[in-house]
Amino acid sequence: MSGGIRVCFANPGTTELPIVGAFETVPGIKSILCLFEGVAAGAADGYGRMTERPAMTLLHLGPGLANGLAYLHNARRARSPLLNVIGEHATWHRKADPPLAMDIESLAHTVSGWVRTNHSVKALAHDTAEGIAATLSGQVSTLIVPHDNQLAAVEDQTIRGVRSVFDPVDDRAIGRAVNCLKDRDATALIVGGRALRQHGLQAAARIRAATGCDLLTETLPGYVERGLGLPQVTRIPYFPEAAVSVLSRYEAVVLAGAKEPVTFFGYEGIRSHLLREDQEIVHLCGLRGDVVEALEHLADGLRAREEAAVVKDLIRPNLPEGCLTPEKVGLTLAALQPENAIIVDEGLTTSLGDDHLSAHLPRHAFMTIAGGAIGYGMPCASGASVACPDRPVITLQADGSALYTVQALWTQAREALNITTLICANESYRILQVEMARTGVSLLGPHSLALTELRPPRIDWVKVAQGFGVPATTVSRAEELADELHRALEEPGPHLIEMRL
Ligand SMILES: Cc1ncc(C[n+]2csc(CCOP(=O)(O)OP(=O)(O)O)c2C)c(N)n1
Ligand SMILES: [Mg+2]
């Protein structure tokens, strides 16, 4: 019946109550209450990133979906499989234009690769199967089900034919990539999407060993497997000058499951596209293609050997001491993160730039904000932990972003999830201050400060966390952070550590 769906992150209303009731009789789907639709969407995103299988959200009409959109946007950019199920008013009632009525489909199209309103009970199992299948190539599906169709008896409850469909590998594109990597001197392979998981990365490492190309990825990949036995993949830097300086050294780049790199914002005098016109770009496969298979074909086409050069030595940094800085936070995390950790990075200005340590650390999963809509960290960590309850999850969480979806802490406590949240309490929207400084503003005026400082009043993160049922402490020195992180990782259940930066 469930078509492979195991978990539903939900915030239901009256128009979804028949589905809530159905969970009582249909075994196999765990329902998890999230106290804001953005938390439900972000959690389903985290679940999808970890498992490559969709979780379901259950959202209430247009307003419920609207509340989830920012985090569905991140899921779309992360290419997460995710199924939204949204209740609609009963078909006969919709015409009356009741207060909560809204154009749900229009909202859904902004984030979904597949959208359907169910028009008959007979088609419900089929619609659900198609919606789930569409998620499997890495996209959001939205199924809108009118209340009367939810209530009607369904004869055929079997959800059949849930298969993933990738575009076939294009041999001519493989040939072009082989020639490009052989003939050109300075080349880069930019990998994205599913290529950032073990098999794709191993194929990429073979290609690098055979051709000497560099391995790069997008600035904000949705999911990367990192650590011993995997090649280090360099993220293209966030700021355009640094990104251009990394990319300008290549004669040619091959894009494998990644889009052509562009700047985050339009900065005066800087091109949107980070590659110059004279740099050759070869598209190995489109975003809907099977990028892992394409990379394996490319490696074979280059006669790349199986044993590729990957990092094998564990190197942990020494634990730093003294007042906490962003750099010391990164070092402490690298020194202590356990085998198989899941690192959810929304540290923003506290986390830019400690990637070079990661290849020598134990295996871990690493996730970023992908679509840039802040507040994804704690929800995404929640979903990742539901997907992988035995793996320790560490969320590096900027303070301003945390406040968008802070209710995720309650779900973490209720579900007893093994998540340690490290709040980067710099008490400001620091990145906006950095961006203002980039435009030449050296001293922030009162309006700029009013809109970028998070004090007064100071947010007391220990009380906030405790209020949601999560044990919490505060630290301001690196030694304290190491002690508290160690303790939090030892104890089951969620913890929060406020890092005063
Ligand atoms: C949903 C959404 N709203 C607003 C923004 C604009 N924005 C980007 S970063 C930022 C502030 C981030 O501050 P914080 O999370 O404290 O990180 P810091 O810069 O201090 O490291 C804002 C408001 C956004 N990217 N997404
Ligand atoms: Mg901040």
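A few points about this structure:
- Residue match in the range 402-424 (condition: over 30 Å from Ile270 (Cβ atoms), within 15 Å of ligand 2 (Cβ to nearest atom) and more than 22 Å from the chain's Cα centre (by Cα)): no
- Every condition in (1) at pLDDT 95 or above; (2) outside any loop (DSSP other than H, G, I, E, B); (3) surrounded by fewer than 22 Cβ atoms within 10 Å (Cβ to Cβ) holds for Glu241 except the one numbered (1).
- Among the residues examined, Val311 qualifies as away from ligand 1 (no atom under 16 Å from the Cβ) and more than 20 Å from Gly222 (Cα to Cα).
Per-residue answers, yes or no, for (1) acidic (Asp, Glu); (2) surrounded by fewer than 18 Cβ atoms within 10 Å (Cβ to Cβ); (3) under 19 Å from Ile343 (Cα atoms); (4) in contact with a Ser or Thr (Cβ under 8 Å, 6 or more places away or on another chain):
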position	(1), (2), (3), (4)
Gly440	no, yes, no, no
Leu444	no, yes, no, yes
His447	no, yes, no, no
Ala450	no, yes, no, no
Thr474	no, yes, no, no
Ala482	no, no, yes, yes
Leu496	no, no, yes, yes
Leu501	no, no, no, yes
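- All positions within the range 327-353 that are of a type in the set (A, V, I, L, M) and within 16 Å of ligand 2 (Cβ to nearest atom): Val329, Leu348, Leu352
- Close Cβ contacts (under 6 Å, 6 or more residues apart or on different chains) running from residues in the range 464-479 that are under 9 Å from Pro494 (Cβ atoms) to residues that are in a strand (DSSP E or B) and among the small types (Gly, Ala, Ser) comprise Ala465/Ala472.
- Which numbered condition Met50 misses (of (1) in contact (Cβ under 8 Å) with a residue 24 or more places away in the chain; (2) closer than 26 Å to Val121 by Cβ; (3) of a type outside the set (Lys, Arg)): (2)
- Comparison of Glu346, Glu293, Glu339, Glu306 shows that the only residue that is at negative phi, surrounded by fewer than 22 Cβ atoms within 10 Å (Cβ to Cβ) and touching a Cys at 6+ places or on another chain (Cβ under 9 Å) is Glu293.
- Which numbered condition Gly383 fails, given (1) within 16 Å of ligand 1 (Cβ to nearest atom); (2) buried (at least 19 other Cβ atoms within 10 Å of the Cβ); (3) of a type outside the set (A, V, I, L, M, F, W, C); (4) at pLDDT 95 or above: (1)
- Hits in the range 374-400 - residues which are in contact with a Phe, Trp or Tyr (Cβ under 8 Å, 6 or more places away or on another chain) and within 16 Å of ligand 2 (Cβ to nearest atom): Ile374, Gly375, Tyr376, Asp399, Gly400
- Residue that is farthest from Thr234 (Cα to Cα) [pool: residues in the range 247-286 that are of a type in the set (S, T, N, Q) and touching a helix residue (DSSP H, G or I) at 6+ places or on another chain (Cβ under 8 Å)]: Gln279
- Leu417 vs. criteria hydrophobic (A, V, I, L, M, F, W, C), farther than 26 Å from Gly322 by Cβ and either within 14 Å of ligand 1 (Cβ to nearest atom) or free of Cβ contacts under 8 Å to residues at least 12 places away in the same chain (or both): no
- Criterion violated by Leu189 - all others in (1) assigned to a strand (DSSP E or B); (2) under 30 Å from Leu124 (Cα atoms) satisfied: (2)
- In the range 427-443, the residues that are within 14 Å of ligand 1 (Cβ to nearest atom) and either farther than 17 Å from Glu241 by Cα or modelled with pLDDT under 90 (or both): Glu427, Ser428, Tyr429, Arg430, Leu432, Gln433, Arg438
- Qualifying residue in the range 86-94 (condition: of a type in the set (Asp, Glu) and touching a residue at least 12 places away in the same chain (Cβ under 8 Å)): yes
- In the range 244-284, residue surrounded by the fewest Cβ atoms within 10 Å (Cβ to Cβ) [restricted to those that are acidic (Asp, Glu) and in contact (Cβ under 8 Å) with a residue 40 or more places away in the chain]: Glu251
- Out of Leu275, Leu295, Leu287, sole residue that is more than 13 Å from Leu189 (Cβ to Cβ) and in contact with a Gly (Cβ under 7 Å, 6 or more places away or on another chain): Leu287
- In summary, helices (runs of 4 or more DSSP H) completely within the range 429-501 and bearing 3 or more residues that are within 15 Å of ligand 2 (Cβ to nearest atom) occur at 430-438, 446-452.
- Selected residue (only one of Val406, Val393, Val475, Val462 is more than 16 Å from ligand 1 (Cβ to nearest atom), within 30 Å of Ala55 (Cα to Cα) and β-branched (Val, Ile, Thr)): Val393
- Long-range neighbours under 8 Å by Cβ, at least six apart or interchain, first residue over 24 Å from Gly372 (Cα atoms) and of a type in the set (A, V, I, L, M, F, W, C) within the range 428-457, second within 12 Å of ligand 1 (Cβ to nearest atom) and at pLDDT 95 or above: Leu444/Gln433; Leu444/Thr452
The values are calculated or read from the model by the stated rules, or taken from the named source; none is laboratory data. If you're wondering where the values come from, they're calculated on a predicted model, not measured in any experiment. As a convention, Cβ positions derive from the backbone with ideal geometry for all residues, glycine included, and neighbour counts pool all protein chains shown.
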